[in-house]
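Enquirer: Supplied in structure tokens, the structure appears directly below.
The values are calculated or read from the model by the stated rules, or taken from the named source; none is laboratory data. Please read these numbers as outputs of a predicted model, since none were measured by experiment. Cβ placement follows ideal geometry from the backbone for every residue including glycine, while neighbour counts extend to all protein chains displayed. Heads up: the accessible areas ignore ligands, DNA and RNA and are worked out on the full protein's heavy atoms, side chains in. Shrake-Rupley method; radii C 1.70, N 1.55, O 1.52, S 1.80 Å.
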Amino acid sequence: MQLILAPQLNPNEDSIYVVEWRKGVRDPVRRGEIIAEVETSKATVEVESEADGYLIPLVEAGKAVRVGEPLAALVANVDEQFVLPDLLSRGTTEASQSSADKRRRWTVKAKLLAERNGLNPETVEIPVEGPGPVTEALVQEYLQQRVSSPSSSLTISFAPAKLAGPQEDLVDSHCPAGRAERILILGAGDGAVQTLDVIRLTRHQLAIGLLDDNSDIHGRTLLGCPIVGPLSLAKELWGQGVFDKAIVSISTNPELRVDLYTQLTSQGIPFANVVDPTVIIGSNASMGSGNLIMAFCRLGSCATIGDNNFLSAYVNIEHHSILGNHCTFGPGVMLSSRVRIGNRVRLGTGIFMEPKVSIEDDAVIGSGNILVYGSRVSRGRTIRTPAPSAAAGRHAME
Amino acid sequence: MKQTFLESIRESLATILEKNENAYLLGEDIVDPYGGAFKATKGLSTRFPDRVLPTPISEAAIVGVATGMALRGNITIAEIMFGDFLALAADQIINHASKLHMMYGTQLDMSLVIRTAVGGGRGYGPTHSQNLERLFLGTDGLQILAPSLYHSPGETLKEAVASKRPTLFLEHKLLYPSPTKLGEVPPLWAMLTEGRWPTAFVKNFHGGSGDVTIISYGGTSLLVDEVSQRMIDEEVRITACFPLSLNQLPEEQVLEECAATGRVIVVEEGPTYGGWSAEISAWLHRALGKNIRAPVVRVGAANSLIPNARSLERDILPSINNIEDAILAVLSA
Amino acid sequence: MTVIRKPSRSGKSVSDLNELGLWLEFYRQMYTIRRVEETLLSLFGQGAIAGTIHTAIGQEACAVGVINALDRTKDVVTSTHRGHGHLIALYDQVEGLIAEVMGKETGMGRGVGGSQHIHFRNFYSNGILGGMLPIAVGMALAEKFAGSGAIVVAFMGDGTFGEGVTYESLNIAAKWQAPVLFVCEHNGYAQSTPTHVQHAGELARRAEPFGIPCVEVQADDVRKVFQVTQGLVNEVRNHQTPHLLLLHTYRLAPHSKGDDNRAAEEIEAYRKRDPLVAFRSELMKLDSKALASLEGEIEKRVAEAVEAAKRAEDAKSWLRELPR
């Protein structure tokens, strides 16, 4: 048996079209005899037989074939059995893949989602019905089930008090869809009290414990929620799967606030936004994660806030304003529209900002300041609280 | 058999010659029976013997003569056999064709199109495979058009003539035999923006927003097309944007598409250093601001010459694998 | 004789002039070129001009002799960095040129082109050596294909023979029989480099192998240049074949402002045989009164053009508004 390969007719084309076969199936042909007419975009060319034999066309007329792939075969006898040899490398790869690797294929999106949630696609078994690959939706489903079903291996090595989160719940265990997000609160001071209050008012979150580095209070409770141990315990608890998201309740130590958020997120621990139900959020406003927003705050339409900010009560982030990360607000900070606030900015109580004020990273604004239209506070600068006598009319401006 | 890229150009050239008695084609080896190195003018000298003019091997003079004829009211289409030879005509393009219509205190009409076959992938080696449009990107007064798989090169050519502006028209060698993908192109969806130089938007999904935006032009549309098809099985939703005009930033719609995904890859065939993709990336980073979710990734040739051997050429030129790696990089960021 | 139509400032067409009238008109053009360029050099010295200027002081007989042999209604001229004289001889554009070189909104190119980049009707100049030659060939072909009977004159210098595109252009012009007259003003220097230092062989024989006839003229007398050009223009127009006219001349001023390192004695020797001065002495004997009034008029015109340009507003940018 001899193969006739599709010829390279010019350097600019990868494939040729078979216009017609001049000989029929198993017709006898002589070396040099025309067997087919093929076409490129430039010319029509006749293909000659390379040897004597009986012709077996391998490409239908009107179809294209890649240059170098079989166009026809010649067999020595008219009734000789013909088998196309496995010439194509991709055929062999597919064969070896199917035998050597029985594991089901994961889509790129499924893998990424799994890896982001600490699953190893190499080892995790996700059930799939039918022949398809492991999809993003299946991983999503798997993750939801993992979160909502009680972990049988749940043990807490360091647990002076019983966690408030239910181990077995008569409703939730059977109907996991409405399961609340289990929140671990970092810090057990005044901020934590406020945080617990907010969480208590929401239906979709449940405080399951607090961590604090003050060992004197370990084992005690705060508004009924157990103070489990030091902040360093967060990673271990995450490994045990006892909480879904964390929140930093500390507002008085900004450096610690930044460290906790950045370290834990880098370890893959997700952060919740804890938002009081009285907060009003406008259209197209957006928020990162780890934000703590107290009662009667408002995000105007199209306002954007980053991650890990602490907004005390009555803070107004007016429309189209942009807030960075790790900022802390005292009560009653009033932004007008299109204000821009950078990262790690600390704001006191009762501050007013006119439109288009811009505050750069690490600035500190004392209570009672009024920032006029378009003013800019440069990086790291501190604007002190105005003296009481002049406070009413004080304008801070650069 | 659908019309190929090459056939679309050839048919358009015939139409231009037929409809305009003042239209001329100039170039090396363009007359029958040879019909041009890439056969774009095959048959035309037989039909229009007085207006298809075979030139000596004088690229500067080809562009210069065509410029002079166009300045005096003709439509001239010059063929530069390989894009690499644009270097021989660079002075005529940069200091004459792109200046004369602008530097005399008023705008002069000039229907001049310089067609040229560009790009690698055919094993032509270091001096017959380049994408030299980068050399002309900063030359104002020169329109640079690079139709992709999703544009009709023939219609683009007619528009270029109608625009009465000097135009560098880039035809990628790999596109010549490809049937153009206009209208329905399952499994992808393609649409063109409005306007004289439309950007082609090609999606591998229906409804909702995408995961990744790929911006590319001309010949690399073939790679992006292949990757977009493959990514359907990987659930990665891709919107590919192929601008037609390279001497200006793409339309607002491209920016909106990029803002929606925040993950953008810019692909070109030339080396990335100092290339078109650098300009596009700088634009995206400035214009998208916070909407960027991953740094823009650029895919292009290695900063080297284009070797002749198949294995070496594959190693230098951007590949499907490079684009897939880029997709993973922006999705993981 | 070639039909020459040129509305002179006296309102007469050149073809209507008697011999003396024609000579006075040639002198008027030459003197205008001389005074405009001297004035531009002085304005440059005062800092009123951006960039540089290339003058053809001493070469006026070339521009005037060649241009007056053309049909101003249809012939086309391409020019070089040293092109003020060609423009003035062809279209008598003094006010627009001065304003353009001074960067004014009233300039003929609204300040975009400046001295080296000027277009007016059928006149096109560019500052790249040899760059306009293939364009001139293309323009000549356009006229040929349109059957207009117009020809193209492509000015160049001796330095242009160093550019490769020159030979591409000569070849195509000859092969396609383009009605183009290449006019080389051979002033002996390419910027600072004398011809013999840079060119091998003879410039007069450069076009010969392409089958392009070359005529050499010592351009000391504008009438001689005019006469020879008339003959060549007829050849080019009637037989649709390219020709080369090689004019031997000398530039009395620097290449551009302030870059002259030629020997003072050499320049002085040429200054003594300045074609403008020689022509003037001859005309003085024939009609000194007409000459004096003509010169007075030109002085006044140039001075007024400068004053008007100084008062005009600076060129305003419109380039940014062009569609991209």
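Enquirer: Regarding chain C, what's the average projected area of the Cα-atom convex hull, expressed in nm²?
Expert: Details: hull surface 68.9 nm².
It is 17.2 nm².
Enquirer: Starting from the Cα of residue A:356, draw a straight line to each of the lysines and keep only those under 27 Å, dropping any in the same chain fewer than 8 residues away.
Expert: Output for residue A:356: B:290.
Enquirer: With a Förster radius of 41 Å, plug the Cβ-Cβ distance of residue B:162 and residue A:284 into 1/(1 + (r/R0)^6) and report the FRET value to the nearest 0.05. Mind showing how you got there, number by number?
Expert: Working: r = 42 Å, r/R0 = 1.02.
Computed FRET efficiency for residue B:162 and residue A:284: 0.45.
Enquirer: Under 8 Å for C-alpha pairs, at least 6 residues apart: give me the relative contact order for chain C, rounded to a whole percent.
Expert: Details: 568 pairs, mean separation 72.5, N = 324.
This gives 22 percent for chain C.
Enquirer: With a ≥ b ≥ c the root eigenvalues of the C-alpha gyration tensor of segment B:208-247, is it rounded (a/c under 1.5), prolate (a/b larger than b/c) or oblate? Intermediate results must be reported in sequence, preceding the final value.
Expert: Working: a/c = 4.07, a/b = 1.66, b/c = 2.45.
Oblate, since a/c reaches 1.5 and b/c is not below a/b.
Enquirer: In whole Å, what is the distance between the alpha-carbon centres of segment C:142-196 and segment B:86-134?
Expert: Taking the Cα centre of segment B:86-134 as reference, the centre of segment C:142-196 is 23 Å away.
Enquirer: Name the shape class, rounded, prolate or oblate, that the alpha-carbon gyration tensor gives for the protein assembly as shown, where a ≥ b ≥ c are the square roots of its eigenvalues, rounded holds for a/c under 1.5, and otherwise prolate holds if a/b is larger than b/c and oblate otherwise. Mind showing how you got there, number by number?
Expert: Numbers: a/c = 3.73, a/b = 1.56, b/c = 2.39.
It is oblate, given that a/c is not under 1.5 and a/b is not larger than b/c.
Enquirer: Given A:23/B:42; B:181/B:203; C:224/C:285, which pairs have Cα atoms separated by over 21 Å? Mind dumping the intermediate values first?
Expert: Numbers: A:23/B:42 31 Å; B:181/B:203 13 Å; C:224/C:285 19 Å.
Cα-Cα > 21 Å for A:23/B:42; rest within.
Enquirer: Mind checking segment A:30-73 for GluC sites (Glu not before Pro) that DSSP puts in a loop (not H, G, I, E or B) and that have at most 13 other Cβ atoms within 10 Å? Don't skip to the end; give the middle numbers.
Expert: On the way: sites: A:33, A:37, A:39, A:46, A:48, A:50, A:60; in loops: A:33, A:50, A:60.
Within segment A:30-73, the qualifying GluC sites (Glu not before Pro) (loop, at most 13 other Cβ atoms within 10 Å) are A:60.
Enquirer: To the nearest Å, what is the center-to-center distance of segment B:202-272 and segment C:272-302, using C-alpha atoms only?
Expert: 72 Å
Enquirer: At 4 °C and 1.567 mPa s, what whole-number value in µm²/s does Stokes-Einstein give for the translational diffusion of chain B, with Rh from the Kirkwood sum over Cα pairs?
Expert: Values: Rh = 20.2 Å.
Stokes-Einstein gives a translational diffusion coefficient of 64 µm²/s.
Enquirer: So what is the 222 nm mean residue ellipticity for chain B from helices alone, if each DSSP H run of at least 4 adds -39500 (n - 2.57) and you divide by all residues, rounding to the nearest 500 deg cm²/dmol?
Expert: Details: 9 runs with 98 residues, N = 333.
My calculation for chain B gives -9000 deg cm²/dmol from helical runs alone.
Enquirer: So how far apart, in nm, are the two label points at residue C:303 and residue C:208 if each is 7 Å from Cα heading toward Cβ?
Expert: Inter-label distance under the simple model: 5.2 nm.
Enquirer: If the cut-off is a Cα-Cα distance under 19 Å, which lysines reach residue A:111, setting aside same-chain residues fewer than 8 apart in sequence?
Expert: A:102
Enquirer: Evaluate the relative contact order of segment C:202-324 (contact order divided by residue number), counting alpha-carbon pairs under 8 angstrom at least 6 apart; express in whole percent.
Expert: Details: 58 pairs, mean separation 25.0, N = 123.
So the answer I get is 20 percent.
Enquirer: Below 11 angstrom from the Cβ of residue A:111, what's the summed charge of the other residues (Lys, Arg +1; Asp, Glu -1)? Intermediate values should be presented prior to the final figure.
Expert: Working: positive: A:105, A:109, A:116; negative: A:115, A:122, A:136, B:234, B:235.
Summing Lys/Arg as +1 and Asp/Glu as -1 gives -2.
Enquirer: I would also like to ask the following. Quick one: work out the % antiparallel among DSSP beta bridges in segment C:181-257, nearest 5. Let's see the in-between values first.
Expert: Details: 2 of 13 bridges.
Percentage antiparallel, nearest 5: 15.
Enquirer: Within a Cβ distance under 10 Å of residue B:115, other residues only, what is the Lys/Arg minus Asp/Glu net charge?
Expert: Numbers: positive: none; negative: B:79, B:171.
Surrounding charge for residue B:115 is -2.
Enquirer: Please work out the Cα center distance from segment A:305-346 to segment A:186-207, rounded to the nearest Å.
Expert: If you average the Cα positions of each part, the centres end up 20 Å apart.
Enquirer: Filter B:2/B:39; C:104/C:289; B:39/B:158; B:99/C:175; B:164/C:104; C:144/C:175 down to the pairs with a C-alpha to C-alpha distance above 25 Å, please. Provide the component values of the computation, followed by the final result.
Expert: On the way: B:2/B:39 18 Å; C:104/C:289 36 Å; B:39/B:158 19 Å; B:99/C:175 28 Å; B:164/C:104 28 Å; C:144/C:175 14 Å.
Violating the 25 Å limit, Cα to Cα: C:104/C:289; B:99/C:175; B:164/C:104.
Enquirer: Normalised by the empirical 2.2 N^0.38 Å for globular proteins, what value does the Cα Rg of segment A:172-328 take?
Expert: Details: Rg = 15.2 Å, N = 157, 2.2 N^0.38 = 15.0 Å.
Relative to the 2.2 N^0.38 Å estimate, segment A:172-328 comes out at 1.01.
Enquirer: Of the DSSP beta bridges with both residues in segment A:185-275, give the percent that are antiparallel, rounding to the nearest 5. All intermediate terms of the calculation are to be shown ahead of the outcome.
Expert: Working: 2 of 9 bridges.
In segment A:185-275, DSSP labels about 20 percent of beta bridges as antiparallel.
Enquirer: Taking the Cα of residue B:302, stepping 7 Å toward and past its beta carbon, and measuring to each backbone N in segment B:270-289: which are under 14 Å?
Expert: From segment B:270-289, the list is B:271-272.
Enquirer: Could you give me the ³J(HN,Hα) list for segment A:273-279, computed from phi with Karplus coefficients 6.51, -1.76, 1.60 and θ = phi - 60°, whole Hz, x at Gly and Pro?
Expert: These are the phi-based 3J(HN,Hα) values: 9, 9, 10, 4, x, 7, 5 Hz.
Enquirer: List the residues of segment C:165-182 for which accessible area in the full set of protein chains is at least 40 Å² lower than for the chain on its own; 1.4 Å probe, protein heavy atoms only.
Expert: SASA drop of 40 Å² or more in segment C:165-182: C:168, C:172, C:176.
Enquirer: Given a 1.4 Å probe and the protein chains all in place, what does the accessible area of residue C:25 round to, in Å² to the nearest 10?
Expert: Rounded to the nearest 10, the figure is 10 Å².
Enquirer: Net charge within 13 Å of residue C:267 by Cβ-Cβ distance, Lys/Arg positive one each and Asp/Glu negative one each, not counting residue C:267 itself? If you can, show how the numbers build up before the last one.
Expert: Details: positive: C:251, C:262, C:271, C:272, C:273; negative: C:260, C:265, C:266, C:268, C:274.
The answer is 0.
Enquirer: Taking the DSSP beta bridges in chain B as the whole, what percent of them are antiparallel, to the nearest 5?
Expert: Values: 12 of 47 bridges.
Just about 25 percent of them are antiparallel.
Enquirer: List the residues, sorted by chain then number, that are 5 or more residues from residue A:371 or on another chain and whose placed amide H is less than 5 Å from its amide H.
Expert: It is A:352, A:353, A:354, by chain and number.
Enquirer: According to the square roots a ≥ b ≥ c of the eigenvalues of the Cα gyration tensor, what is the shape class of segment C:177-248, taking rounded for a/c under 1.5, prolate for a/b larger than b/c otherwise, and oblate for the remainder? All intermediate terms of the calculation are to be shown ahead of the outcome.
Expert: On the way: a/c = 2.75, a/b = 1.41, b/c = 1.95.
Cα axes put segment C:177-248 in the oblate bin.
Enquirer: Might you work out the accessible area of residue B:15 for me, using a 1.4 Å probe with all protein chains in place, and round it to the nearest 10 Å²?
Expert: Counting only protein heavy atoms, residue B:15 exposes about 30 Å² to solvent.
Enquirer: Can you send over the solvent-accessible area of residue C:193, 1.4 Å probe, protein chains only, in Å² to the nearest 10?
Expert: Only protein atoms counted, so the area is about 50 Å².
Enquirer: Follow-up question, since we're still on this one. In segment B:40-91, what trypsin sites (Lys or Arg not before Pro) fall in a loop by DSSP, with at most 15 other Cβ atoms inside 10 Å? Let's see the in-between values first.
Expert: Working: sites: B:42, B:47, B:51, B:72; in loops: B:42, B:51, B:72.
Those that pass, being in a loop and sparsely packed, number zero.
Enquirer: If you keep only loop residues by DSSP, which chymotrypsin sites (Phe, Trp or Tyr not before Pro) in segment B:258-333 have at most 13 other Cβ atoms within 10 Å of their Cβ? Write out the running numbers ahead of the final one.
Expert: Working: sites: B:273, B:276, B:283; in loops: B:273.
Taking segment B:258-333 and a limit of 13 other Cβ atoms within 10 Å, the loop chymotrypsin sites (Phe, Trp or Tyr not before Pro) found are B:273.
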